[in-house]
Amino acid sequence: MTGLVEVRLRAAGAIAALAAAGACAQPVSPAEVLLFETDHLAELRAPATLVYDFRGHGDAPFTDTVRLDLAQRGGGTRATVRFLSGERRYELPQLDDARGNPVLLGFLERDIAQMGRLTGGSATYFRKRIRMALAAGAQVVAQPIAWHGKQVPARLVRIQPYRDDPLHARLERYAGKTYRFVLSDSVPGGVYQLGTALADGAPDDETLTLVDALAQPR
């Protein structure tokens, strides 16, 4: 069990580590700042729970739940993510002194694991393509969202990591895959919605959306 946790911990931190490494060679992009350099949990006070609706819209549609539980640990915050349930459950480690929203990394790591199984590609390669897309090819636009009956400001980050991939032929169906990240300082946890689609403008393949927050702002 300890080995599994260690593997998951390394995986969960891999994208953030790659993003930080990229920042050494060039300025950090606005997209990287929004996703990896922002303290999404700054306005939350533990104990708190954020609840996300997760929907698969593909050949076998499903609806499930992702929960982020925050608890005080010393002077920091411990984050525990329950990512889906039953056979679909994706194990993530507890994180001490959490700042960025771990649901974001959980969504990406699960997607990367699925891509690896379906294409035979390595997780490291997919992480690198995502980092490169966020560093150089991301679209970042203002997109207001509805939260608790009010319009609040948000920003949409959109990337297509595999569009110009040199392994385009190997990826085939996934070459146009699009990732959407909707982030807002006005919602608890900073992450409102995450989604993937097989092409820009195509119907969503999977979406994760914040639906409830059992927390008090500071």
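With the simple spin-label model, which puts each label point 7 Å out from Cα in the Cβ direction, the D97 to R173 separation comes to 4.3 nm.
Given 37 °C and 0.692 mPa s, compute D for the chain with the Stokes-Einstein relation, Rh being the Kirkwood radius over Cα pairs; round to the nearest whole µm²/s. Here the translational diffusion coefficient equals 185 µm²/s. Using a simple spin-label model with pseudo-atoms 7 Å out from Cα toward Cβ, L214 and A42 lie 2.7 nm apart. Every Cα-Cα pair of segment 32-128 was included, and the share exceeding 24 Å stands at 29 percent. Protection proxy ranking of 77-84, 147-154, by the mean of other Cβ atoms within 10 Å over each peptide's residues and highest first, is 77-84, 147-154. The residues neighbouring T49, those whose beta-carbon lies less than 9 Å from its own, together hold a net charge of -1 under the Lys/Arg +1, Asp/Glu -1 convention. Rg and Dmax of segment 56-110, based on Cα coordinates, read 12.9, 46 Å.
FYI, it's all coordinate maths here, none of it is from the lab. Everything numeric in this text was worked out from a predicted model, so none of it was measured. As a convention, Cβ positions derive from the backbone with ideal geometry for all residues, glycine included, and neighbour counts pool all protein chains shown.
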